[in-house]
Amino acid sequence: MKKKFLRLGITLLLLTSFSTACSSLGVKDEAKPKTNTADTSASNGNESVKLRIMWWGSQARHDATLKMLDLYTKKHPNVTFEPEYSGFDGYLDKLSTEAASKNAPDIIQMDAAWLADWNARGQLSDLSTGININDVDPKLLETGEYNGKLTAVPLGGNAWGMIYDKSALEKLGIAPPKDGWTWEDYFSMGEKIKSMLGKDQYPFKDGTADSTLYANYQLSKGKGWPITQEGKFNYDKATWLEYANTFADLRKKGIVPPPDVQLADIDLDPTQDMLIKGQLIFKGMHAAQVSAYESLKPNSIGVAAIPKAEQPGGWLKATFYFSVNQDSKYKEEAKKFIDWFINDPEATEIDGTTRGIPISNNIVSVMKPKFNQGDQLTVEMIDMTAKSSQAFNPGAPGWADFGKEESDIKQQLMFGKITPEQAYDELAKAAKKYEK
Amino acid sequence: MGDSMNRKLRSNALAGFLFISPWLIGFLFLNLWPMLMSFYYSLTDFSLLSPPKWIGFQNFMSIAEDRYFYNSLRVTFVFVLISVPLRLLFALMVAMLLNRDIRGISFYRTIIYLPSLIGGSVAVAVLWRNIFGINGFINHLASFFGMHAKNWIGSPETALGTLITLSVWQFGSAMIIFLAGLKQVPKDLYEAASVDGASKFRQFIAVTLPMLSPVIFFNLIMGVIGSFQSFTSAFVVTKGGPLNSTEMYALYLYQKGFSALHMGYASALAWILLVIVAVATALNFTASKYWVYYENEAGGRG
C-alpha cells in the first residue's frame, strides 16, 4: 500500500529529479564542446541545421508562424525547424521545465515580465550583433536590453487600452468614448448604460480584483505604479480606497456583474467571452488582441485609450520578444532567422499583425495600405494611447509570487469577505516578504 | 559437497535477481532515486534553473507559516472526508443493483462501467467544467425549476462541491471490486437468514456488510490515498479558485514547483503529504481491527 503511494505521490517530482540526475551523470558536459564547433560550421551556411523554436499565441499566430517557417526553409534548404507552440496557459511552466533539463529551444518567445529573471541567470545570449535593428524604435529596443547587451528582440508594438462593442453602443444611442475621456466619464457612462441593458448584460466588469486596471487608475492619479520597477510597495492608500469603494458601490447597485458571473469570462473564448457573447460593452485589452476580437465579432469592435485623470492611464510596450537560448548550438543561424523574421517584407506580410504592429518602422510603412479592419483597429489603439502614455513597467524581479497573494486578497474583497481597508493592510503585509 | 551447495544457492540468488531485475531497475531509478533526490531538495533552495542551495529545515519552517499551505490542507481534508465515503456508498449501491439476476445484466454492467474507462481523464474534467459552468447543463435544468443561473465552479461555496461530485461520479473501479466481493458472499447465508425471517435490510446489515468488509476496507484505503493526491480535476475545472476554495494539496505543490519554481519548497510539501497519507493509512489499518471481518478467522467480530 505504501509502495503504491510512493510511486504515485512523487510522480510530479519524478520527472525533474530524473532529468537532473541525467545531467549530473554527465549528459550536460557532453554537449559543451560541441557548441563551439557547431557555431563555426553553422556560419558557412551549408550544414543542415535544425532550429527549435517555441511561441505562444492564438490559432491565427500559429498558422502565420508555421507558414513563415516553411518559407524560410524553402529559401534556406539547410535550415529546418522543430516548432513548439501552444496557448499562453502553461507556456512558462513548460519552458522552465525544459530549461531546467538544459533542453530549452534555440529560439524562444519571451514576455517582458520574465526577462529580468532569465537575464539574471544568464540564460539568454547576446543578440547585439548580427541582427539589423536600425528600423526599430530605440525606446522599444531598450526594453530588451540587459547590462547594455540586447538579449531580447521585440517583435511588435503594442498598447494597453480598451475595446468596446461599437454596434451595441450605437443601438443604445450612446456616443462612443472621446479622446481624453476620464474615469468619471467611464463610471457615469456605465451607470447610464446599465439602466438600458438587459438583466444579464453589463457595461464593464468589476475591477476590484483586476490589478492591471488598478495600476491604470493609480498611474492616472499621478501616484506611480502600485509596485514599482525597483520592487517597492507603492499602493497609495487613499487612491486604493477610492477605487475599491467605487467598485463596491457599483457592485451593490448591480452595475457590474456578480463575482461568480465575471469569473466565468475568458478572453477570446467564443463561448465564454462575455463581450463576444454580447453581455459586456467594455473590456481592457492589448492592441495586439484587437484583430482577434474583430474576427470573432466582425464590424462591431471599437477601440479607446484607458481613461485618464491628471495623467494618462495606459501605456505602450513591446508585445513580446524573441530570445536565443544561451545553450543553443546554432546561435548564428538563430540570429539570421530573427533578422529575416523582423525585416523581410515577405515574411512580415505573412505575420501581419498577429504579433502586434510590426516592429520595423520600414515594414509598417510598406504594409499600412494593405491593413485589414482588425489591423487598422490595432494601429488606432496604439495611436490613441501614444498621444499620452505612461512608461511600461514589466514588474520587479523576484515579485512573481506576489501576484498570487495580490489577486487572492482582492478576490476576498470582491466576494465581500473583507473590507477595502483590510485589503490594503493585507496587501502591505504580503508585500513585506518581497521588499528588499 | 557443501561447496557445490553454496554455488547452487548463489547461482539461484543470481537468477532470482535477474528475474526481478526489470522491476528492480525500475524501482531503483524511477522510485528510489527520485525519492532520495526529492528528500535532498526538500532541504535546499532549488529553482530548477540554478543549482540547489543547502538551507536545512528552512523550507519546513516557511511552510509552517504559509497560510496557503493550511488552506490547501483544509480543502484536501474536506474533499477526502466527503468524497471518499460518498463514492464508496454510491459504488456499493450500484454494485448491488448490478448483482441481480435479470435478463441482460452483463449488458447493463458494461454500459454502467463504460464511463469509468475515461473516468480520471482531462477530457472528463473539461466536460465537467462545461456542465457546471454558467451556460452549462445544470443551469439549464435549474431554470426549469425557476432557479437563478449560477456559476457553480466560480462560487466559493459550490466550487469544491462540483469537484466532489466529479469524484463520486468516478465510482467505476470501486464498483467493480464491490461487485466481485458481492459475488463471493455464499448464497446459503442469505437462505439461512431468510429462513430465520430476516428482512432484506437486516440481511444487508447482518450478512452483506460483514462479508464485504475486507473489500470495503480495501476500497477505503485506495480511495483515501488516491483522494489525498487528487490533482487533475482541480487543475482543469477550477484552477484552484475561486478564493482558493479548491486549491488542493497536490495542486498547490505543483504551482510551487512548476509555476513559482520553488522546487525545494515543493519537495518539502511532497514529504509532508507522504507523512499525512502514511498516518491516515496507519489509522485506517488500526481501526480496521474493529470492523473488518475475515472469513477464515474463527469467531465473528461483525
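Which condition number does B:Lys239 fail, the rest of (1) more than 10 Å from chain A (Cβ to nearest Cβ); (2) at pLDDT below 90; (3) open to solvent by 30 Å² or more (accessible area, probe 1.4 Å) being met? Going through the list (1) more than 10 Å from chain A (Cβ to nearest Cβ); (2) at pLDDT below 90; (3) open to solvent by 30 Å² or more (accessible area, probe 1.4 Å), B:Lys239 breaks only (1). For segment B:145-160, the criterion of being without any contact (Cβ under 8 Å) to a residue 40 or more places away in the chain, among the polar types (S, T, N, Q), open to solvent by 60 Å² or more (accessible area, probe 1.4 Å) and within 13 Å of chain A (Cβ to nearest Cβ) is met by no residue. If we scan segment B:221-231, do we find a residue that is more than 10 Å from every other protein chain (Cβ to nearest Cβ) and open to solvent by 30 Å² or more (accessible area, probe 1.4 Å)? The answer is no, given that none of the residues of segment B:221-231 is more than 10 Å from every other protein chain (Cβ to nearest Cβ) and open to solvent by 30 Å² or more (accessible area, probe 1.4 Å). Being open to solvent by less than 10 Å² (accessible area, probe 1.4 Å), in contact (Cβ under 8 Å) with a residue 12 or more places away in the chain and closer than 21 Å to A:Trp56 by Cα holds for only one residue in A:Gly161, A:Gly144, and it is A:Gly144. The residue that is modelled with the highest pLDDT, among those in segment A:310-364 that are open to solvent by less than 20 Å² (accessible area, probe 1.4 Å) and in contact with a Lys or Arg (Cβ under 6 Å, 6 or more places away or on another chain), is A:Val324. Checking the structure you have, find out if any residue of segment B:119-135 is in contact with an Asp or Glu (Cβ under 8 Å, 6 or more places away or on another chain) and either over 22 Å from B:Ile177 (Cβ atoms) or part of a helix (DSSP H, G or I) (or both). Within segment B:119-135, one or more residues are in contact with an Asp or Glu (Cβ under 8 Å, 6 or more places away or on another chain) and either over 22 Å from B:Ile177 (Cβ atoms) or part of a helix (DSSP H, G or I) (or both). Residue pairs whose Cβ atoms lie under 6 Å apart, sitting 6 or more positions apart in sequence or on different chains, and linking a residue in segment A:385-411 that is more than 11 Å from chain B (Cβ to nearest Cβ) to a partner that is of a type in the set (Ser, Thr, Tyr), are A:Trp399/A:Tyr434; A:Glu406/A:Ser211. Would you mind stating whether B:Gly133 is away from every other protein chain (no Cβ under 14 Å) and either under 22 Å from A:Ala264 (Cβ atoms) or open to solvent by less than 10 Å² (accessible area, probe 1.4 Å) (or both)? No: the conditions fail for B:Gly133. Screening B:Ser233 with (1) closer than 30 Å to A:Glu405 by Cβ; (2) more than 17 Å from the chain's Cα centre (by Cα); (3) assigned to a helix (DSSP H, G or I); (4) of a type in the set (Ser, Thr, Tyr) gives one miss only, at (2). More than 25 Å from B:Trp128 (Cβ to Cβ) and either of a type outside the set (Lys, Arg) or in contact with a helix residue (DSSP H, G or I) (Cβ under 8 Å, 6 or more places away or on another chain) (or both), is that true of B:Val185? The answer is yes for B:Val185. Here A:Lys166, A:Lys178, A:Lys199 are screened, and the one residue that is closer than 30 Å to A:Asp351 by Cα and among the basic types (Lys, Arg) is A:Lys166.
Residue pairs whose Cβ atoms lie under 7 Å apart, sitting 6 or more positions apart in sequence or on different chains, and linking a residue in segment A:304-320 that is of a type in the set (Lys, Arg) to a partner that is surrounded by fewer than 24 Cβ atoms within 10 Å (Cβ to Cβ), are A:Lys308/A:Gly180; A:Lys308/A:Thr182; A:Lys308/A:Ser220; A:Lys317/A:Ala112; A:Lys317/A:Phe392.
Would you confirm whether or not segment A:242-254 contains a residue that is open to solvent by 30 Å² or more (accessible area, probe 1.4 Å) and closer than 30 Å to A:Gln376 by Cα? Among the residues of segment A:242-254, not one is open to solvent by 30 Å² or more (accessible area, probe 1.4 Å) and closer than 30 Å to A:Gln376 by Cα, which makes the answer no. As for segment A:111-129, it holds no residue that is within 14 Å of chain B (Cβ to nearest Cβ), in contact with a Ser or Thr (Cβ under 9 Å, 6 or more places away or on another chain) and at positive phi.
Evaluation of A:Gly284 against the conditions (1) without any contact (Cβ under 8 Å) to a residue 60 or more places away in the chain; (2) within 25 Å of A:Phe402 (Cα to Cα) shows that the sole unmet condition is (1).
Hey, among the residues in segment B:242-259 that are farther than 19 Å from B:Ile82 by Cα and among the polar types (S, T, N, Q), which one's nearest to the other protein chains (Cβ to nearest Cβ)? Checking each candidate, the answer is B:Ser259.
Taking every residue in segment A:48-65 that is more than 24 Å from A:Asp93 (Cβ to Cβ) and pairing it with any residue that is surrounded by 17 or more Cβ atoms within 10 Å (Cβ to Cβ) and aromatic (Phe, Trp, Tyr), at least 6 positions away or on another chain, the pairs with Cβ-Cβ distances below 6 Å are A:Val49/A:Tyr330.
May I ask you to say which residue of B:Ile216, B:Ile276 is more than 14 Å from chain A (Cβ to nearest Cβ), open to solvent by 20 Å² or more (accessible area, probe 1.4 Å) and in contact (Cβ under 8 Å) with a residue 24 or more places away in the chain? Of the residues listed, the single one that is more than 14 Å from chain A (Cβ to nearest Cβ), open to solvent by 20 Å² or more (accessible area, probe 1.4 Å) and in contact (Cβ under 8 Å) with a residue 24 or more places away in the chain is B:Ile216. Annotation note: Cβ proximity below 8 Å between a residue of segment B:96-110 that is over 17 Å from B:Tyr190 (Cα atoms) and a residue that is open to solvent by 70 Å² or more (accessible area, probe 1.4 Å) (sequence gap 6+ or interchain) occurs for B:Leu98/B:Tyr108. Answer yes or no as to whether A:Gln262 is at pLDDT below 90, of a type outside the set (A, V, I, L, M) and either farther than 20 Å from A:Ile281 by Cβ or surrounded by fewer than 17 Cβ atoms within 10 Å (Cβ to Cβ) (or both). It is false that A:Gln262 is at pLDDT below 90, of a type outside the set (A, V, I, L, M) and either farther than 20 Å from A:Ile281 by Cβ or surrounded by fewer than 17 Cβ atoms within 10 Å (Cβ to Cβ) (or both). Of all residues in segment B:27-80 being of a type in the set (Lys, Arg) and in a helix (DSSP H, G or I), which is most open to solvent (accessible area, probe 1.4 Å)? Ranking the qualifying residues of segment B:27-80, first place goes to B:Arg74. Among what's in segment A:277-308 and is part of a loop (DSSP other than H, G, I, E, B) and open to solvent by 30 Å² or more (accessible area, probe 1.4 Å), pick the residue that is nearest to A:Met189 (Cα to Cα). Only one residue fits best here, namely A:Gln279. Scanning segment A:186-198 for residues that are assigned to a loop (DSSP other than H, G, I, E, B) and within 14 Å of chain B (Cβ to nearest Cβ) turns up at least one hit.
Applying a threshold of 9 Å to beta carbon distances and a minimum spacing of six or more residues, or different chains, the list of pairs starting in segment B:5-24 at a residue that is open to solvent by less than 80 Å² (accessible area, probe 1.4 Å) and ending at one that is part of a helix (DSSP H, G or I) reads B:Leu24/B:Phe17.
B:His262 meets each of the listed conditions (1) crowded, with 21+ Cβ neighbours inside 10 Å; (2) modelled with pLDDT of 95 or more; (3) at the interface with another protein chain (Cβ under 10 Å from one of its Cβ atoms) apart from (2). Tallying residues that are of a type in the set (Gly, Ala, Ser), more than 10 Å from chain B (Cβ to nearest Cβ) and surrounded by 15 or more Cβ atoms within 10 Å (Cβ to Cβ) within segment A:69-103 yields 0.
The values are calculated or read from the model by the stated rules, or taken from the named source; none is laboratory data. These numbers were taken from a predicted model, which means no experiment stands behind them. Note that each Cβ is placed from the backbone with ideal geometry, even for glycine, and that neighbours are counted across all protein chains shown. Note: areas computed on protein heavy atoms with side chains; ligands, DNA, RNA excluded. Shrake-Rupley method; radii C 1.70, N 1.55, O 1.52, S 1.80 Å.
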